[in-house]
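Structure first, commentary second.
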Amino acid sequence: MLTRAGRSTLALAAVLLAVGRVFAIIELFVFAVALVLAVVVAVLMVRIGEPRVTVSRVVSPQSAQAGDTVRVAVTVTNVGTRRTPSMRLVDPVSDNGVANIGITSLTPGAQYGAAYRLDGLTRGLLTIGPMRVNRTDVLGLAKRASTGAPAVELAVLPRHHPVPMPGASGSAGPLGALLHRKALSHTGNEFHALREYQQGDDLRRISWKASARSTNLIVRDTAVEGVKRMTVVLDTAAGEHDEASFERAVSAAASLITSAVAAGFAARLVAPDVDLRGPGVDADALAWLTTVKAPELASNDPQPAPLPSLRNAEGLGLTVVVAATPDAPIVATTRAQLGPEDVVVVVATFGLTEFAPSLVVDALGDESLAEGWGALIGINQQRTAPTDLIGAPPT
């Protein structure tokens with residue numbers, strides 16, 4: 001295959017032949033023939049004696065999140081018996097451009113290593129390759145390309161991090177307190193301990209026998225069932241998000257669903273036409289969140305797309321709606337489907353209303369989710385260890 005220089009050389013030769021013929025200048029004929037011969041020799045050089053090389057590509061880390069940097073290491077080995085000419089490796093990377101690596105001449109058995117970095121990755125599937133090995137002649141008139149390494153696909157997951165989950169008791173924040181009050185209505189008959197009467201306790205739990213031996217009323221405390229499940233509802237309705245707020249929403253949903261699974265919840269991810277649950281829901285959710293597209297920024301339909309039914313679980317549950325604003329239509333739709341068994345929290349990624357409900361987390365910035373969620377459950381995020389997750393033994 002001719003390069004631009006090779007095509008220009010042939011064009012110049014044609015012009016010289018035409019001029020030489022018109023003006024009968026033999027020197028121009030000779031010069032034109034020499035140029036043509038140079039191109040022919042260049043083509044033969046790149047077609048004959050193709051070097052025998054193997055090319056390996058290693059991407060590390062193999063799992064990346066949005067905003068991360070990955071390193072791509074390339075190793076070229078001369079497996080032939082002759083010295084290779086100089087080559088150039090061309091590795092396309094989706095829509096992020098092309099990596100060009102120049103390779104010097106290699107003796108038989110020699111290796112050449114090089115690497116390049118991909119910075120600031122965006123969420124989605126990133127295709128690297130296929131890599132081409134380009135070889136040109138000395139004058140750069142002709143080139144030949146062969147496949148050096150096949151294409152590989154790198155899944156760039158949404159940015160996510162562990163967030164602590166509230167328990168049925170022991171949390172000082174408003175969410176923890178509300179969950180504790182609701183959990184009391186789900187207590188079983190199994191005796192847990194005796195304690196002093198507190199205002200609001202069910203009078204039927206008073207132990208009159210124990211109270212007779214004390215100066216205060218004593219109640220029988222039964223085992224608290226606590227939160228059993230967590231549903232994350234992601235708003236993908238058109239016209240609600242801009243691109244930045246949608247990316248924050250995807251990241252928030254990824255953080256919540258993976259943390260819920262790690263905490264031992266029966267976790268579930270719900271969106272219009274999407275219902276992920278069961279074993280491996282965290283991996284399935286991350287895979288779906290990696291490729292979900294941002295909705296259109298404008299829409300004439302103010303109603304959200306229909307959601308799968310949420311009325312299919314028992315016990316105390318926590319439902320987190322990740323939406324643009326607290327008054328997004330999907331919030332009202334979710335509340336209408338749920339009963340008194342569920343507590344609803346809204347994670348807002350675009351804006352807050354003036355009279356927002358109390359259980360709203362401000363996730364308008366990269367660090368806001370951690371701070372807002374920690375304040376909601378009364379836990380300092382910066383001092384939270386993995387053992388603070390619900391389901392872990394208390395310290």
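Please work out which residue is surrounded by the fewest Cβ atoms within 10 Å (Cβ to Cβ), limiting yourself to region 277-286 and to residues that are within 27 Å of Pro329 (Cβ to Cβ) and within 17 Å of the chain's Cα centre (by Cα).
By that ranking, first place goes to Asp284.
If Asn189 satisfies all but one of (1) open to solvent by 40 Å² or more (accessible area, probe 1.4 Å); (2) at pLDDT 80 or above; (3) assigned to a loop (DSSP other than H, G, I, E, B), what's the number of the condition it fails?
If we test Asn189 against (1) open to solvent by 40 Å² or more (accessible area, probe 1.4 Å); (2) at pLDDT 80 or above; (3) assigned to a loop (DSSP other than H, G, I, E, B), just (2) comes out false.
Of all residues in region 257-273, which are open to solvent by 20 Å² or more (accessible area, probe 1.4 Å) and part of a strand (DSSP E or B)?
Within region 257-273, just Ala266 meets the criteria.
In region 226-255, what residues are basic (Lys, Arg) and either free of Cβ contacts under 8 Å to residues at least 24 places away in the same chain or assigned to a strand (DSSP E or B) (or both)?
Answer for region 226-255, where residues must be basic (Lys, Arg) and either free of Cβ contacts under 8 Å to residues at least 24 places away in the same chain or assigned to a strand (DSSP E or B) (or both): just Arg229.
With the requirement that a residue be modelled with pLDDT of 90 or more and either among the charged types (D, E, K, R) or touching an Asp or Glu at 6+ places or on another chain (Cβ under 7 Å) (or both), what does region 44-77 give you?
Arg57, Asp68, Thr69, Arg71
Residue by residue through region 230-256, note down the ones that are small (Gly, Ala, Ser) and either at pLDDT below 90 or surrounded by fewer than 24 Cβ atoms within 10 Å (Cβ to Cβ) (or both).
Ala237, Ala238, Gly239, Ala244, Ser245, Ser255
If you go through region 329-371 one residue at a time, how many are among the small types (Gly, Ala, Ser), surrounded by fewer than 19 Cβ atoms within 10 Å (Cβ to Cβ) and modelled with pLDDT of 80 or more?
Total satisfying the criteria: 5.
Would you check which residues across region 31-62 are in contact (Cβ under 8 Å) with a residue 60 or more places away in the chain and touching a helix residue (DSSP H, G or I) at 6+ places or on another chain (Cβ under 9 Å) and list them?
If the condition is that a residue be in contact (Cβ under 8 Å) with a residue 60 or more places away in the chain and touching a helix residue (DSSP H, G or I) at 6+ places or on another chain (Cβ under 9 Å), then Ala38, Val39, Ala42, Val43 are the ones that fit.
Could you list, in sequence order, all residues of region 145-177 that are modelled with pLDDT under 85 and surrounded by fewer than 18 Cβ atoms within 10 Å (Cβ to Cβ)?
Ala145, Ser169, Gly170, Ala172, Gly173, Pro174, Ala177
Kindly indicate the residue of region 144-154 that is out of contact with any Gly (no Cβ under 8 Å at 6 or more places or on another chain) and not polar (S, T, N, Q) and also nearest to Thr54 (Cα to Cα) among those meeting that condition.
That would be Gly148.
Out of region 79-125, which residues are of a type in the set (A, V, I, L, M, F, W, C) and either in contact (Cβ under 8 Å) with a residue 40 or more places away in the chain or touching a Ser or Thr at 6+ places or on another chain (Cβ under 7 Å) (or both)?
Val79, Met87, Leu89, Val90, Ile103, Leu106, Ala114, Ala115, Leu118, Leu121, Leu125
Write out, first by first residue and then by second, each pair whose Cβ atoms fall under 8 Å of each other, whose residues are 6+ apart or on separate chains, and whose first residue, in region 63-78, is open to solvent by less than 50 Å² (accessible area, probe 1.4 Å) while the second is among the acidic types (Asp, Glu).
Short answer, once both residue conditions are applied: Ala66/Glu247; Val72/Asp91; Val74/Asp91.
Which one of these is of a type in the set (S, T, N, Q), at pLDDT below 85, more than 15 Å from Thr231 (Cα to Cα) and surrounded by fewer than 20 Cβ atoms within 10 Å (Cβ to Cβ): Ser299, Ser309?
Ser299
Condition (residue is crowded, with 18+ Cβ neighbours inside 10 Å, of a type outside the set (D, E, K, R) and within 44 Å of the chain's Cα centre (by Cα)) applied to region 36-44: is it met by at least one residue?
No, region 36-44 has no match at all.
The values are calculated or read from the model by the stated rules, or taken from the named source; none is laboratory data. Not measured: the values here are computed from a predicted model. All Cβ positions, even for glycine, are placed from backbone atoms using ideal geometry, and neighbour counts span all protein chains on display. Remember, those area values only see protein heavy atoms, side chains included, never the ligands or the DNA or RNA. Shrake-Rupley method; radii C 1.70, N 1.55, O 1.52, S 1.80 Å.
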